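Q: Let me begin by handing over the structure; questions about it come next.
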Amino acid sequence: MNLVEDNMILLAGATGRVGGATLATLVREGARVAVLSRDRERAQATIADVLDPALRERALAIRRRRRRLRSASRRSDASTRW
C-alpha cells in the first residue's frame, strides 16, 4: 500500500540536496508536491533539475511569504515564562 499516492504534499526546504531527493521520491511514488520556498525561481529550478519532464506536472513551485516576527521584547517575555 502506497501512503502518498494521489495525495498533495507541501514540502518546505526542498531546494537543497536532501529536499530535492525527497521531492523526487514523493513524485515517483505518485504524490503531487507543492514546493514552498522563499525563492520561487529556485524552487522551479530544483523541480526541473530533479524530475523527469513527464513527472514535472506533479510538482508546483510556490513562493513562501516571510512572516513578520514579533518584536524582540515580546519574544524575550515569552521565553521567560517557561
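Each value in this text was obtained by applying a stated rule to the coordinates, not by laboratory testing. Because the structure is predicted, anything quoted here is derived from the model rather than measured. For neighbour counting, all protein chains shown are included, and Cβ atoms are generated from backbone atoms with ideal geometry for every residue, glycine included.
Q: Please list, in chain and number order, the residues 5+ apart from residue 31 or on another chain whose amide H is under 5 Å from its amide H, with Hs placed from the backbone.
A: 6
Q: Could you sort 18-29, 3-14 so that the peptide with the highest average Cβ count within 10 Å comes first and the rest follow in order?
A: Values: 18-29: 16.8, 3-14: 13.8.
The packing order, highest mean first, is 18-29, 3-14.
Q: Let me ask something else. Bin by bin, in steps of 5 Å, what percent of the Cα pairs in the stretch 8-65 do you find, going until the bin that has the longest distance?
A: 5, 24, 39, 25, 7, 1
Q: Further question: Got the relative contact order for the stretch 8-65 handy, in percent, Cα pairs under 8 Å and 6 or more residues apart? Could the numbers behind the result be given before it?
A: Numbers: 96 pairs, mean separation 21.9, N = 58.
The value is 38 percent.
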